[in-house]
Structures are given as C-alpha cells and as structure tokens.
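Okay, structure first, notes after.
The values are calculated or read from the model by the stated rules, or taken from the named source; none is laboratory data. Keep in mind the model is a prediction, meaning the values are calculated, not measured. Here Cβ is always computed from backbone atoms with ideal geometry, including for glycine, and neighbour counts include all displayed protein chains.
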Amino acid sequence: MLNLVIQGADVATPDLKTLATLAGGRRIERITAHAFRIVDVARNPEVATLCAAAKLDHAYVPAGRRLTDFGLVVMDMDSTLISIECIDEIADLQGIKADVAAITAAAMRGELDYAASLRRRVQLLAGLPESALEQVYRERLRLTPGAEPLLQALRSRGIRTLLVSGGFDFFTERLKERLGLDYTCANRLEVVAGRLTGNLVGEIVDAQGKAAALRRVRAALGLSREQVIGIGDGANDLPFLAECAVSIAFHAKPAVREAATHCIDYVGLDGVLNLFE
C-alpha cells in the first residue's frame, strides 16, 4: 500500500482535498501543521502538476516505513546541510566569486568533470590567507533550515550520520563537532606558511569518492543498502545516492531530481522526517 505525503509552507485545505481525490486516498492524516499523509493511494500524474502549482512537496511512500528501519543517513554538505557553496564564498574574499561560482554551477549540473573543475577552482584561491576559511565559517556559513531538528531526530533514534563533501574538511570537521555527526569525508586544502597554495592534499573526493565513503561506513556498521538514506543536490551526489534505498533530491538539480526516489523542493531538511511513519 502506498501513502502520499504532502508538505509545504501553506497546505490549503481545498488543495489537500483535491489531491486526496486525484490519488483515490481513503483518508487524510495530519503529520504536522505543515505536513499531511493521504492514506492508501494510487499514483496519478495530476498530483505532481497540482503540487507544483501550489508549491507543495509530494512523495509516494510505502505504508509502514519507519525511520528506525534505517541505520545510516548520508548527506552532502554544500547547498544541502548548509545553505552556501563554501568554495564560492572563499573565492568572494579573493574577489573572484563570479568566476568560481560559474564553474561550481556547471559542475553541479554535471556539465564539467568534477575533479578537474575542483582543481581549477582551487588554483584560483592560491595566495589567500588560511584565515579566510575561518572567516567564511564564522560569517557566512549557515545551516539549512530544518537541519538541526533532522539531526536531533536521527540521534535520538540511534541512526548514524555521514557527511560527504566535494568541499573541504576545514568545514566538515567543524560541523562534525558542532552537530554531533558520526563520520565525514571531504577534500583537504594545502596550506603553506599560512596561505593556500592552490593545491589539494591527497586524493580528490569526487562523486565516486563520496560513494566509496558511504560503502566503507555502511560495511563497518554491518548495514545493507536497504538501511541507508541519502540526501543530496548536485550531479556529484548521484553515485552515492544510487547506493541508498531511499534517495532524496533536496532543492536539487534536474539530473538529481530525476534519479532520486523523492524530491524536496519547498520545505526544509526536517521535511525528510515526514516521509517516515
């Protein structure tokens, strides 16, 4: 049996009733003030059309699926757990944000090889003082709305968390300590005499690196693919999302939306919780 979860900033009662009729649901259940479950539905393409017009997120989910059925949540950092792209904000302090942001956007759409694009962007940061990283963390990094309630709910249920990023461990390690994350995997910027050299240290964490990190942690925890949830937004998230039974495209690029099992376009990260009973 399928249920249909509807959520948004403002879920109008007429829209909810229309959606229930379109999906042939037996009843409507309130999950939160901004999320509802329509029970025992059939898929109908008109549901997506109405939801897009009303700026509502919708998801067909198996009845009885619980968050505690899972043991690991893997998520991307930039534009997923946090609201910025760190490398773009670092570049802003170098006066080259527009140039770097354009490369970042193309890489996230899957138009450029990620590893090559990252090297190219990092080279543009050469000479910047290491203190710029701390400035970005303190002044510009913001958690995505709903991030803390999501992580709190996961911790309370004993579900482990892995933060995978094609960005930098300067930020992932600080977020790990701040938010109580269990595992992280990211790139390391080379620093010499207090300044960025424009190089990276070690192997690049690209799309395949993210997926490999997931597999390592999943194996270490003795979990199966069916016990993993993934959350991401860019093309370099696709391989790790493919390793997850439940994959969520969060405010994502078209390629990710097409591949994921669910999409969240309008609500915050805590909307993930409403996909489970």
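Confirm whether Thr18 is touching a residue at least 24 places away in the same chain (Cβ under 8 Å), of a type in the set (S, T, N, Q) and not assigned by TED's automatic domain parsing to the domain that holds Leu118. Criteria met by Thr18.
Scanning the range 222-239 for residues that are touching a strand residue (DSSP E or B) at 6+ places or on another chain (Cβ under 6 Å) and not β-branched (Val, Ile, Thr) yields Leu223, Gly230, Gly232, Asp233, Asn236, Asp237. For the range 1-16, residues that are under 16 Å from Ala35 (Cβ atoms) and in a helix (DSSP H, G or I) total 3. Looking only at residues of the range 166-193 that are assigned to a helix (DSSP H, G or I) and either aliphatic (A, V, I, L, M) or at pLDDT below 95 (or both), we find that the one that is surrounded by the fewest Cβ atoms within 10 Å (Cβ to Cβ) is Leu179. Residue pairs whose Cβ atoms lie under 8 Å apart, separated by 6 or more positions or on different chains, with the first residue in the range 216-239 and of a type outside the set (Ser, Thr, Tyr) and the second loosely packed, with under 13 Cβ neighbours inside 10 Å and in a loop (DSSP other than H, G, I, E, B), are Arg218/Ser224. Test Tyr114 against the stated conditions and say whether it is closer than 30 Å to Leu221 by Cβ, within 25 Å of the chain's Cα centre (by Cα) and free of Cβ contacts under 8 Å to residues at least 60 places away in the same chain. Here the answer is no, as Tyr114 does not meet what is asked. Restricting the range 194-220 to residues that are over 16 Å from the mean Cα position of the chain (by Cα) and over 30 Å from Leu128 (Cβ atoms), the residue that is surrounded by the fewest Cβ atoms within 10 Å (Cβ to Cβ) is Ala219.
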